[in-house]
1. Could you tell me how far the Cα centroid of segment 72-97 sits from the Cα centroid of segment 100-141, in Å?
2. Could you tell me what percent of the accessible area of segment 55-141 is made up of carbon and sulfur, with a 1.4 Å probe and every protein chain present?
3. State the extension gain, in nm to one decimal, for the chain segment bounded by LYS110 and ARG35, taking 0.36 nm per residue of separation less the distance between their alpha-carbons.
4. For ARG134 and ASP68 in one chain, what is 0.36 nm times their gap in residues minus the Cα-Cα distance, to one decimal in nm?
5. Please give the FRET efficiency for ASP60 paired with GLU91, using the beta carbon to beta carbon distance and R0 = 30 Å, rounded to the nearest 0.05.
Amino acid sequence: RKDETSIGKNNRFTPEEAATNFVRINKIRMEKEQRLPAGITPELLATLKEKYGNRLRYADLPKDDNGDEYLTVIVCVPDRVVTSEFEKWIESNPLKAKELLVNACLLTHKEEVKADDGLFYAAVNAISSLIPLRKAVVRNI
């Protein structure tokens, strides 16, 4: 028939059905994208995006040793000042260096993370992996 649109091998939809399915699928996709992790509101996210721009990242911290459950937090990529302070203290006082990194870059769930050693060290690992390091290409002249 002229008024049918083929989608897939054996499925036939009218143009109206195809449009309705397209709208429904896009609506479901948008709802999935808008779901935020627990404790993170759209207002908080908007405020953090305004302040930190594209330096924001989600980090999923394991709540137990098995990795059965995770706490999703927002962290920011350390800037030069934070990285410099971290590197200054890492040899002489490693705990102070790690606390400095968490205090400066962990933007949500801070008290919960600082109260649990496993979450704390997972946050340190996540944030320290964000320190921007690029490898230069060195060539002979």
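1. Computed from Cα coordinates, the inter-centre distance equals 7 Å.
2. Numbers: 2870 of 5930 Å².
Carbon and sulfur together cover 48 percent of it.
3. Additional length available on full extension: 24.9 nm.
4. The ARG134-ASP68 span can extend by a further 20.4 nm.
5. Values: r = 30 Å, r/R0 = 0.98.
Here the calculated transfer efficiency is 0.50.
The values are calculated or read from the model by the stated rules, or taken from the named source; none is laboratory data. Predicted model only: the values in this text are computed from it and were never measured. Because the Cβ atoms are built from the backbone with ideal geometry, glycine has one as well, and the counts that use them run over all protein chains shown. For the accessible areas, the whole protein counts, side chains as well, though only heavy atoms, and no ligand, DNA or RNA atoms are used. Shrake-Rupley method; radii C 1.70, N 1.55, O 1.52, S 1.80 Å.
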